[in-house]
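Accompanying notes for the structure given below.
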Amino acid sequence: MKIICVGRNYVDHIKELSNEFPKEPVIFTKPETALLKDNAPFYYPDISNDIHHEVEIVIKIKKMGKYIEEKFARNYFDEIALGIDFTARDIQNNLKAKGLPWDLAKGFNDSAPISNFISVDKMDIHNLNFGLKVNDEQRQSGNTSHMIYSFEYIISFISRYFTLKTGDLIFTGTPAGVASVKVGDRLIGDIEGNVMFDFEIK
Ligand code: MG
């Protein structure tokens, strides 16, 4: 399986990092070894001194497809999870300044904690609240209605470049409020008030 991520998909987050508005989705990938499941602790790695949390809705692809038309894209997933796109902001800023790829800043071990998947059958996926608390402080709050590029558009766009296969995951972007994590922090994520993950930084 592969993990594909969308950058700069919520207006308020683009503004907080002073990024340009994308003319098309900003796409990057993480290796499978980035996944961190079952509320396992995240061990702060020595590669970075400034790892940021980015809470994101994650789509699980349920069948193979390429060149998927946007109007059919909804048929390619029926489960979502909540994840974190951990980002080594210090490394990313260095790479960005040199115009270099972001892989080291985004794809390091355990950089993609993820909850269990839930069915979207009874959900309005285009109006979903989600958020992240760090030590009981609400750090990020988002709603999928504020996405620049919809789930369907993202699937259609990505599938023109990468064949999507069953089990592939798509991280769909983060709302504002990204900030550093530190050893001892407890991260609790929710979708519509239901706790999806709860783990510690060690
Ligand atoms: Mg992100």
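Figures for the structure shown
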read-out: Tally, over the stretch 49-63, of residues that are away from the ligand (no atom under 16 Å from the Cβ) and either modelled with pLDDT under 95 or in contact with a helix residue (DSSP H, G or I) (Cβ under 9 Å, 6 or more places away or on another chain) (or both); value: 4
read-out: Residue pairs meeting the criteria (Cβ under 9 Å; at least 6 apart or on separate chains; first at positive phi, in the stretch 35-56; second modelled with pLDDT of 95 or more and within 15 Å of the ligand (Cβ to nearest atom)); value: ASN39/PRO113
read-out: Of residues in the stretch 112-127 being in contact with an Asp or Glu (Cβ under 7 Å, 6 or more places away or on another chain) and at pLDDT 95 or above, the one farthest from the ligand (Cβ to nearest atom); value: SER119
read-out: Enumeration of residues in the stretch 32-48 that are among the aliphatic types (A, V, I, L, M) and more than 16 Å from the ligand (Cβ to nearest atom); value: ALA40, ILE47
read-out: Matching option when the condition is out of contact with any His (no Cβ under 7 Å at 6 or more places or on another chain) and loosely packed, with under 13 Cβ neighbours inside 10 Å, among PHE42, PHE21, PHE28; value: PHE21
read-out: Where PHE28 falls short, out of the listed (1) within 20 Å of ASN143 (Cβ to Cβ); (2) at pLDDT 95 or above; value: (1)
read-out: Total residues in the stretch 77-119, condition open to solvent by 40 Å² or more (accessible area, probe 1.4 Å) and either touching a helix residue (DSSP H, G or I) at 6+ places or on another chain (Cβ under 6 Å) or among the polar types (S, T, N, Q) (or both); value: 7
read-out: Residue within the stretch 163-186 that is more than 17 Å from ILE84 (Cβ to Cβ), away from the ligand (no atom under 16 Å from the Cβ) and among the basic types (Lys, Arg) present; value: yes
read-out: Members of the stretch 69-99 found to be within 16 Å of the ligand (Cβ to nearest atom), among the polar types (S, T, N, Q) and over 17 Å from the mean Cα position of the chain (by Cα), listed by number; value: ASN93
read-out: Members of the stretch 120-160 found to be in a strand (DSSP E or B) and open to solvent by less than 60 Å² (accessible area, probe 1.4 Å), listed by number; value: PHE130, GLY131, LEU132, VAL134, ARG139, GLN140, GLY142, ASN143, MET147
read-out: Pairs with Cβ under 9 Å, 6+ apart, first in the stretch 106-126 and closer than 20 Å to THR33 by Cβ and of a type in the set (Ser, Thr, Tyr), second assigned to a loop (DSSP other than H, G, I, E, B) and open to solvent by less than 10 Å² (accessible area, probe 1.4 Å); value: SER111/ASP85; SER111/PHE86
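The values are calculated or read from the model by the stated rules, or taken from the named source; none is laboratory data. Being a predicted model, the structure only gives us computed values, none of them experimental. Glycine gets a Cβ as well: all are built from the backbone with ideal geometry, and neighbour counts include every protein chain shown. Heavy atoms of the whole protein, side chains included, go into the accessibility calculation; ligands, DNA and RNA do not. Shrake-Rupley method; radii C 1.70, N 1.55, O 1.52, S 1.80 Å.
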